[in-house]
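S.K.: Provided herewith is a single structure, encoded as structure tokens, for subsequent inquiry.
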Amino acid sequence: MGVRLEKPWLTLDPELVARLPGQLGVFQLANEKHEVVYIGFAGGRSLFGLKGELASWLGRWPFFRLEVNMAYRTRCRELLMVHFSDHGTYPTENTAQETAGLGRLSVTAVTKMPINPKEGS
């Protein structure tokens with residue numbers, strides 16, 4: 001499993017959002033060019049989970065993708081750090097409060113690191 005969220009983009013429309021599960025997880029919103037503009041999560045205090053969170057963004061951005069994940073807060077922070085590593089900035093719709101205290105992630109160094117099996121195993 002990679003660190004990036006690479007699921008296909010879906011159209012953010014009311015009918016599709018109505019069919020989404022009320023589960024916890026993370027999501028990304030994108031513009032017409034499929035550029036990520038927001039990374040968010042549906043947590044324990046989110047009314048109706050992912051369905052409710054994405055419903056609040058209807059009409060603002062055309063695309064979304066999601067990942068059901070019980071470690072939603074950690075996963076959201078990880079996705080924000082990956083975005084910063086890839087682009088040098090955070091998504092335009094994420095606030096300074098949402099990105100405060102995030103560390104730096106060197107995804108390219110991790111993905112290019114060779115894995116050597118233990119000798120004698």
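S.K.: Take the residues in region 13-31 that are small (Gly, Ala, Ser) and under 16 Å from Pro62 (Cα atoms); name whichever of them is surrounded by the fewest Cβ atoms within 10 Å (Cβ to Cβ).
M.R.: Ala18
S.K.: List pairs: first in region 45-65 and under 11 Å from Ala30 (Cβ atoms), second part of a loop (DSSP other than H, G, I, E, B) and aromatic (Phe, Trp, Tyr), Cβ under 8 Å, 6+ apart or cross-chain?
M.R.: Phe63/Trp9; Phe64/Trp9; Phe64/Trp57; Arg65/Trp9
S.K.: Counting only residues that are surrounded by 14 or more Cβ atoms within 10 Å (Cβ to Cβ), assigned to a loop (DSSP other than H, G, I, E, B) and either of a type in the set (Val, Ile, Thr) or over 15 Å from the mean Cα position of the chain (by Cα) (or both), how many does region 32-51 have?
M.R.: So the count comes out to 2.
S.K.: Let me ask something else about it. Could you run through region 52-67 and say how many residues are of a type in the set (Asp, Glu) and part of a loop (DSSP other than H, G, I, E, B)?
M.R.: Counting residues in region 52-67 that are of a type in the set (Asp, Glu) and part of a loop (DSSP other than H, G, I, E, B) gives 0.
S.K.: May I pose another question? If you go through region 41-99 one residue at a time, how many are touching a helix residue (DSSP H, G or I) at 6+ places or on another chain (Cβ under 9 Å) and acidic (Asp, Glu)?
M.R.: Residues flagged as touching a helix residue (DSSP H, G or I) at 6+ places or on another chain (Cβ under 9 Å) and acidic (Asp, Glu) within region 41-99 amount to 3.
S.K.: Return the residues of region 90-115 that are in a loop (DSSP other than H, G, I, E, B), at pLDDT 60 or above and not hydrophobic (A, V, I, L, M, F, W, C); say none if nothing qualifies.
M.R.: Of everything in region 90-115, those that are in a loop (DSSP other than H, G, I, E, B), at pLDDT 60 or above and not hydrophobic (A, V, I, L, M, F, W, C) turn out to be Tyr90, Pro91, Thr92, Glu93, Asn94, Thr95, Gly101, Gly103, Arg104, Ser106.
S.K.: If you check Glu78 against the conditions, is it part of a helix (DSSP H, G or I), closer than 16 Å to Arg4 by Cβ and not hydrophobic (A, V, I, L, M, F, W, C)?
M.R.: Judged against the criteria, Glu78 is a match.
The values are calculated or read from the model by the stated rules, or taken from the named source; none is laboratory data. The structure presented is a predicted model; accordingly, all values stated were derived computationally and were not measured. Note that we place each Cβ from the backbone using ideal geometry, even for glycine, and neighbour counts take in every protein chain shown.
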